[in-house]
Amino acid sequence: MARKKLHRPIAAMAKKIREYRALKNRPRDSQRFALDYETMRRPLTQKRLPVRAWEDARSENRLFALLGRLPRFGVGRTVTRKSWLWAHDEPCYWVVTKVKADYTAENMDHGRAWGYLTFRGKTEEEVREIDKVMYHDWRMVPKHEEEAFKKFTPVPEETIRYLPYPPLLRAMILAQWQKEGKPITEEPMIDLEKV
């Protein structure tokens, strides 16, 4: 016979209190992502930034360093990342809809922001939280250039209708056709619309 599990309300309450205290005592984002620009180390963890990121960390801005200078924290403005500009020909940007700044952070350069993402010319319908706000590669699109920056005519995608069978399956199909006496005039192909 299995032992009946004892209900321990005090232990359960103590566990909840420990979890709550751990949650309250965890470092804020402004502490986690703070950076000493002379040594290129994070003060909380003493981890050093990768050498390739030093130039960007010194010359580029975090998202909240840009939004903090604007009225209403830049709600309605368009922001993009330098890495997107380099990697993609199609427009990639966020349109900021909501900002929640961390007022306890030094220089108020931390917080959370939400917006509509357009990645490689495709705009999402729902508002999402903007990720990687602490990266040092954010750029503000000037108001007078927003229209031209967002203009994009999508190239029609080529849809593939037929694919060749894998080699073993192709050999099996050709052997089956030969066994049935069918003439082998064309290559066996997978019709993707039927699948």
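Residue by residue through region 147-153, what is 3J(HN,Hα) from phi via Karplus (6.51 cos²θ - 1.76 cosθ + 1.60, θ = phi - 60°)? Round to whole Hz and write x for glycine and proline.
After applying 6.51 cos²θ - 1.76 cosθ + 1.60, I find 4, 5, 5, 7, 5, 7, 9 Hz.
Given only helices, namely DSSP H runs of n ≥ 4 each adding -39500 (n - 2.57), what is the per-residue ellipticity at 222 nm of the chain, to the nearest 500 deg cm²/dmol?
-8000 deg cm²/dmol
Provide the per-residue ³J(HN,Hα) series for region 52-66, in order, calculated from phi with Karplus coefficients 6.51, -1.76, 1.60 and θ = phi - 60°, each as a whole number of Hz, with x at glycine and proline positions.
Values per residue, Gly and Pro as x: 5, 8, 4, 5, 5, 5, 7, 9, 9, 10, 6, 4, 6, 5, 6 Hz.
Assuming a viscosity of 1.567 mPa s and a temperature of 4 °C, what translational diffusion coefficient in µm² per second does Stokes-Einstein assign to region 90-195, Rh being the Kirkwood radius over Cα pairs?
D = 68 µm²/s.
What relative contact order, as a whole-number percentage, does the chain give when Cα pairs under 8 Å and 6 or more residues apart are counted? Walk me through the numbers before you get to the answer.
Working: 239 pairs, mean separation 32.2, N = 195.
Averaging sequence separation for qualifying contacts and normalising by length gives 17 percent for the chain.
Mind pulling the angle between the C-alpha long axis of helix 9-25 and the longest principal axis of the chain? Nearest 10 degrees, somewhere in 0 to 90.
80
Would you compute, for the Cα atoms of region 60-119, the largest minus smallest coordinate along each principal axis and list the three values in descending order, in whole Å?
Dimensions of region 60-119 along the principal axes of its Cα atoms: 38, 22, 16 Å.
Could you tell me whether region 85-127 comes out rounded, prolate or oblate from its Cα gyration tensor? Rule is a ≥ b ≥ c as square roots of the eigenvalues, rounded for a/c under 1.5, then prolate if a/b exceeds b/c, otherwise oblate.
Judged from the Cα gyration tensor, region 85-127 comes out oblate (a/c at least 1.5, b/c at or above a/b).
By the scheme Lys and Arg +1, Asp and Glu -1, what is the net charge of all other residues having a beta-carbon under 15 Å from that of THR153?
With Lys, Arg at +1 and Asp, Glu at -1, the net is 0.
At 0.692 mPa s and 37 °C, plugging the Kirkwood radius over alpha-carbon pairs of region 9-111 into Stokes-Einstein gives what diffusion coefficient in µm²/s?
The calculation lands on 198 µm²/s.
I'd like to know how the chain sits against the 2.2 N^0.38 Å rule of thumb: what's its Cα Rg over that expected value?
Normalised by 2.2 N^0.38 Å, the Cα Rg of the chain equals 1.70.
Taking 0.36 nm per intervening residue step and subtracting the Cα-Cα distance, what contour gain separates VAL127 from HIS7 on full extension?
Length gained, VAL127 through HIS7: 38.9 nm.
First select every other residue whose beta carbon is under 15 angstrom from the beta carbon of GLN46; then total the charges, Lys and Arg +1, Asp and Glu -1.
After counting each charged neighbour, the total is +3.
Taking 1 over the mean of 1/r across every pair of different Cα atoms in region 142-195, what Kirkwood radius in Å do you get?
It is 15.2 Å.
May I ask for the angle, rounded to the nearest 10°, between helix 167-180 and the longest principal axis of the chain, with both axes built from Cα atoms and the value confined to 0 to 90°?
So the inclination is approximately 20 degrees.
A short reminder: the numbers here are calculations on the coordinates, not readings from a lab. A quick note: this is a predicted structure, and the numbers were derived from the prediction, not measured. Backbone-built Cβ (ideal geometry, glycine too); neighbour counts: all protein chains shown.
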